[in-house]
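Take a look at the structure set out below.
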Amino acid sequence: MAEVRAEMTANVWKVLVAQGDTVADGDTLVILESMKMEIPVIAEGGGTVSAVAVAEGDVVQEDDLIATVD
C-alpha cells in the first residue's frame, strides 16, 4: 500500500479519482491550488485506489494523507 501525501499546504481544487479506480504510475490523482498555482498530485506507482481522504474544497496541510493506492 502506498500513501500519497500533500507536499505543501493548499486547497483541494479537483479530485480526479475515486475509490476503486485503477491508476498507473504518473497518473494525476488530485489537483491542489496554492497562490493561484495548480499543483498536480501524482501516483508514484500503479494500482487500485483504496481510499481518497480529501474532497474538493478541503484544505490540506503538509504531509496530510490524500489517498492510498494498493
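The values are calculated or read from the model by the stated rules, or taken from the named source; none is laboratory data. As the structure is a prediction and not an experimental result, all values here were calculated from the model. Virtual Cβ from ideal backbone geometry, glycine too; neighbours counted across all protein chains shown.
Could you list, in sequence order, all residues of the stretch 43-67 that are over 14 Å from N11 (Cβ atoms), at pLDDT 95 or above and not small (G, A, S)?
Those that are over 14 Å from N11 (Cβ atoms), at pLDDT 95 or above and not small (G, A, S): T48, V49, V52, D63, L65.
Determine whether the stretch 14-33 contains at least one residue that is more than 10 Å from the chain's Cα centre (by Cα) and touching a residue at least 60 places away in the same chain (Cβ under 8 Å).
Among the residues of the stretch 14-33, not one is more than 10 Å from the chain's Cα centre (by Cα) and touching a residue at least 60 places away in the same chain (Cβ under 8 Å), which makes the answer no.
For the stretch 41-56: of the residues being of a type in the set (G, A, S) and part of a loop (DSSP other than H, G, I, E, B), which is farthest from T68 (Cα to Cα)?
Going through the stretch 41-56, the residues of a type in the set (G, A, S) turn out to be 43, 45-47, 50-51, 53, 55.
Restricting the remaining residues to those that are part of a loop (DSSP other than H, G, I, E, B) gives 43, 45-46, 53, 55.
Numbers: A43: 9, G45: 11, G46: 11, A53: 8, A55: 14 Å.
Among those residues, the one meeting the criterion is A55.
Contact list please: Cβ distance under 9 Å, first residue in the stretch 48-59 and on the phi > 0 side of the Ramachandran plot, second residue of a type outside the set (K, R), pairs at least six apart or on different chains.
Correct list of pairs: G57/N11; G57/V12; G57/W13.
Of the residues that make up the stretch 10-29, is at least one out of contact with any strand residue (DSSP E or B) (no Cβ under 7 Å at 6 or more places or on another chain) and small (G, A, S)?
Yes, that holds for at least one residue.
If you go through the stretch 1-35, how many residues are in a loop (DSSP other than H, G, I, E, B) and within 15 Å of T68 (Cβ to Cβ)?
Going through the stretch 1-35, the residues in a loop (DSSP other than H, G, I, E, B) turn out to be 1, 6-9, 16-21, 24-27, 35.
So of that shortlist, the ones also within 15 Å of T68 (Cβ to Cβ) come out as 1, 6, 17-21, 27.
Here the count works out to 8.
Going through E62, E38 one at a time, which residue ends up being in a strand (DSSP E or B), loosely packed, with under 14 Cβ neighbours inside 10 Å and in contact (Cβ under 8 Å) with a residue 12 or more places away in the chain?
On the way: E62 fails: in a strand (DSSP E or B).
Every option except E38 fails the conditions.
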